[in-house]
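Novice: Quick one: the structure is below, and I'll ask about it shortly.
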Amino acid sequence: MFLKNIFLRGFKSFGSKSDLNFEPGISIIVGPNGSGKSNIVDAISWVLGEQSPKSLRSTSMGDVIFKNKNEEFAIAEVSLIFDNTDRIIPIEFAEVKFTRRVYIKGGSEYFINSSPCRLADIQDIIAESGIGKGLYTIINQGQVNNIILYKPADRKHVIDEIIGVSRHKIRRDKSKEKLDLVESDINRVKDLLHEVKRTLDPLSVEAQKSKIFFNLSQEIKNLEISLFISNINKLNKKWDEEESNFGKNSLELDEIDKKINIINAQKKEFESLFYQEKESFNKLEDKYNIFNILENKSANLKSMALSQKTSVETVINMINFSISDISNAFNNKNIAEEKNSKKHIAERTETASAIGKIEKLIEMITEFFKKMYKAVDEVTAKELGGYEKMFVRELNSIKDIFYLTDKDLDEFKKNMQEDRKINDDSKANIENRLKRLKYIMEYAQKNMDNINLFLIKTTSLMAASKKLDNEINIKLDRKKEKMDFSQLKMNRYYDELNKLNSRKHFLENEIYRSNLKKEQIKEKVKDLSIKIFDEYSMPVDYIIKNFKQPEDVEKCEARVREIKAELTKYKNINPNAHIEYEKIKERFDFLDKQKNDLSESKKNLEKLIIELNQKIKKYFNDKFDEINENFKYYFKILFPLGEGELILTESDESDDFGIDIKADIGNSKSISLQLLSGGEKALVSVAYLFAIFSVNPSPFYIFDEIDAALDDANLNRFLSLVKIFAQGKQIIMITHQKKTMEAADIIYGFTMQSNGITKIVSEKIRDNYVQAG
């Protein structure tokens, strides 16, 4: 594994994109002061996780972003590409690129092979490869001069860092910190246990009563919830029954409505025919009644005619007698004697009386004729139809009998009035009177003939009437029979409709009752649900899902009564005492367990610390002997006449020990390290560092002008050591020494341009290859 390439963009003086390609061996970077050589060292440290701007020779992280008088970048980016064919970096890639990017507005980004990651991810990966921060893979002039002046404990710390002991010490120190925290926690837990126990002991007695109360409460809760489910199930069953009844009744009601509609339609159709038949029957019955009235009237008229006939016969006899008498008197020539005779006067008086009766009778007959005419006229005005036409014809013929003109009546009345005016018995008057009497006689006889004809016609009419009466009776009987059948059928319709309507009314009442019961069931379920929720804060769905109804409801109800009676004994207790006790007991048990766990952790930490101390001591001792041998070897190369050795010493500042350096440079003077010259100090420090590096080598090392204080003799010995140390390693050196440049496999030359941007020129010594960047 080695550093293959460095890519820079906008980092410090690298305003343009720059990249440096490295190979195993010694690479030298040269250039005048201020050309940006050390910026390469800062860039490598920056990518590997350096967070201190001061370590990067800056005041803030934003100072690493390139800027000059004319322009300022908004971003700085550096990428390190490592050859990982030997898989020292635990990633399955032949090349591994670490990238860090910073923005002028703040914030950093890290990438591994162009994939975003955290800084911790990069540090975890490189820590196992020997190039992490604190491993002294990058050494500058100040560090190499200061190492020799370190305190013994600090020198040991350098060894710990490089060989990896520090990781174990950090783990041990963290374990010690944990141990202190655990001991503190144990003491705090013990105090808490004491306080909790003081509360727990008196609460245990009350908790026992509370536990009984709680158990009883839980039991009655379960029982009441079970009873609630039982009641709900009963109500559901009733609901189902009512719903079933409602459905059946609704279906039956629909069927009844259909039947009613069908029967109403049939009834309406039949009713129309029935009323037509009834109307026909009523008309025939009315005709029959009218016919009977007319028949009765005809019989009455016949009786009246018979009565009038007798009267007319009497009048006619009287008129005949008067005419005969007057005629005999007229033929008697002793009129004068006759006039004076009492007999004549009596006869005259009797005739006059008869004439008066005739006038009254004629008036009565005339009035009778008018009534007859009117009655017959009324009869003939009726529409009797059928066989009744014969009866109408007979009536019309009778009507013609009684037709008297007003002229005949007036003539009659005139003769009657003139007859009254006669006061003497002159011959002329007697003759005129006889004429008038004869006219009156003819008029009466004519009426007599009409009466006789009327009686004949009436007799014929009565015979026709009897026949017609029989026929009408037959028709009425038939229609009455048909009407009775139709009425019976109509009654059946009404009876059936009444039955259906009665059933419909019953079903409607049943449906109403079912709906009412369902509403009552709803209210009961609602009341039960509200009550159970108010008492136990459980929704019905949860209860139905998690509880069952009791097998014996009566036994369950009896147990509820028993528990309620028993609960009255626990009125003055704290119902939550057992809960508080359980919580405190749980806390006590938890604290006790925590104490035991902490005690166990304390034992484990103490054991771990002992193991780590033993492991650190053994590992360090093994490595220290090897480092000491390497130090002696490298010291001999740098100081051929001298002797060097590392000595373990007790530390005054800690329980750890330190490392002292015994250095005899071979000039017959034994002086302390502080009195050595700058070059001598640098060489001793190099021998010390190289001795450690040999034990735990890193893939590459960067030395920033660590040869600046060396003269030519010391420089030659230093370069000899570097060449030996560089075998199988990659060393990048920044220098101004020409002799150091001669040891390079590749040289990079840095110059600073007028715009403040570093320019790179590289030369590969072996292949004589020059690259400008």
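The values are calculated or read from the model by the stated rules, or taken from the named source; none is laboratory data. Computed from a predicted model, the values in this text were never measured in an experiment. Note: ideal-geometry Cβ built from the backbone for every residue, glycine included; neighbour counts use all protein chains shown. These area figures cover heavy atoms from the full protein model, side chains too; ligands, DNA and RNA do not enter into them. Shrake-Rupley method; radii C 1.70, N 1.55, O 1.52, S 1.80 Å.
Novice: Total Lys pairs in region 559-610 closer than 28 Å by alpha-carbon, pairs eight or more apart in sequence or interchain only?
Specialist: 17
Novice: Still on this structure: Label M538 and Q445 with points 7 Å out from Cα along Cα→Cβ: what is the distance between them in nm?
Specialist: 13.3
Novice: Now for a separate question. Give the calculated FRET efficiency between A558 and K524 to the nearest 0.05, with a Förster radius of 25 Å applied to their Cβ-Cβ distance. Walk me through the numbers on the way to the answer.
Specialist: Details: r = 23 Å, r/R0 = 0.90.
That gives a FRET efficiency of 0.65.
Novice: While we're here: Relative to a virtual label point 7 Å from the Cα of K517 in the Cα→beta-carbon direction, which members of region 217-247 show backbone nitrogen distances below 20 Å?
Specialist: 230-247
Novice: May I pose another question? Along the Cα→Cβ direction, 7 angstrom out, place labels at R171 and V761. What is the inter-label distance in nm?
Specialist: Each label point is offset 7 Å from its Cα along the Cβ direction, giving 5.2 nm.
Novice: Multiplying the sequence separation of N621 and D257 by 0.36 nm and subtracting their Cα-Cα distance, what value in nm do you get?
Specialist: 119.7 nm
Novice: Once R0 is set to 35 Å, what does the formula 1/(1 + (r/R0)^6) return for the Cβ-Cβ distance between A565 and K585, expressed as a FRET efficiency to the nearest 0.05?
Specialist: Efficiency, rounded to the nearest 0.05: 0.70.
Novice: So, one more: Distance cut-off 23 Å, Cα to Cα: go down the list K234/K545; K156/K623; K169/K632; K156/K178 and report the pairs above it.
Specialist: Beyond 23 Å: K169/K632; K156/K178.
Novice: Right, next: Tell me the label-point distance for the pair K531, N473, using the 7 Å Cα-to-Cβ offset, in nm and rounded to one decimal.
Specialist: Calculated label separation equals 8.4 nm.
Novice: For every other residue with a beta carbon closer than 11 angstrom to the beta carbon of I163, add +1 if it is Lys or Arg and -1 if Asp or Glu, then tell me the sum.
Specialist: Details: positive: K156, R167, K623; negative: D160, E161, D622, E626.
Within the 11 Å Cβ shell, the charges total -1.
Novice: Using a Förster distance of 45 Å, how high is the FRET efficiency between L119 and E195, based on the Cβ-Cβ distance and rounded to 0.05?
Specialist: So, using R0 = 45 Å, E works out to roughly 0.50.
Novice: Can I ask one more? Out of the total accessible area of region 2-134 (probe 1.4 Å, heavy atoms of protein only), what percent is carbon and sulfur?
Specialist: 51
Novice: If a/c stays under 1.5 just call it rounded; otherwise compare a/b with b/c (prolate if a/b is bigger, oblate if not). Do that for region 1-48, with a ≥ b ≥ c from the square roots of the Cα gyration tensor eigenvalues.
Specialist: Verdict is oblate for region 1-48.
Novice: Need the full-extension length gain, S307 to T85, defined as separation in residues times 0.36 nm minus the C-alpha distance. One decimal, nm.
Specialist: Taking S307 through T85 to full extension adds about 63.1 nm, to one decimal.
Novice: Averaged per residue, what accessible area in Å² does region 486-628 show with a 1.4 Å probe, protein chains only?
Specialist: Using a 1.4 Å probe on heavy atoms only, each residue of region 486-628 averages 71 Å².
Novice: Right, next: Could you pull the accessible area for I530 with a 1.4 Å probe, rounded to 10 Å²?
Specialist: Approximately 80 Å² for this residue.
Novice: With every protein chain left in place, what is the accessible area of C117 in Å² (1.4 Å probe, nearest 10)?
Specialist: Only protein atoms counted, so the area is about 40 Å².
Novice: Another question, if that's okay. Counting other C-beta atoms within 10 Å, and keeping those with at most 12, which DSSP coil trypsin sites (Lys or Arg not before Pro) do you find in region 568-656?
Specialist: For trypsin sites (Lys or Arg not before Pro) across region 568-656 that sit outside H, G, I, E and B with at most 12 neighbouring Cβ atoms in 10 Å, the list reads K571.
Novice: Now for a different question. Tally up the carbon and sulfur contribution to the accessible surface of region 611-760 as a whole percent, 1.4 Å probe, everything protein left in place.
Specialist: Carbon and sulfur: 47 percent of the exposed surface of region 611-760.
Novice: Which residues does a label at D592 reach in region 210-224, if reach means a backbone N under 20 Å from a point 7 Å past the Cα toward the Cβ?
Specialist: Answer for region 210-224: 211.
Novice: Shifting gears a bit: Enter the accessible area of D185 (Å², nearest 10), with the probe set to 1.4 Å and all protein chains included.
Specialist: Its accessible surface works out to 40 Å², give or take rounding.
Novice: Pick out, in residue order, every one of the GluC sites (Glu not before Pro) in region 548-618 that is DSSP loop and has at most 16 other C-beta atoms within 10 Å; say none if there are none.
Specialist: Filter output for region 548-618: E551.
Novice: Here is a follow-up. Work out, step by step, the length gained on full extension between N501 and L675: first 0.36 nm times the residue separation, then minus their alpha carbon distance; give nm to one decimal.
Specialist: Value of the extension gain: 49.1 nm.
Novice: A further question on this structure: Net charge within 13 Å of S58 by Cβ-Cβ distance, Lys/Arg positive one each and Asp/Glu negative one each, not counting S58 itself?
Specialist: +1
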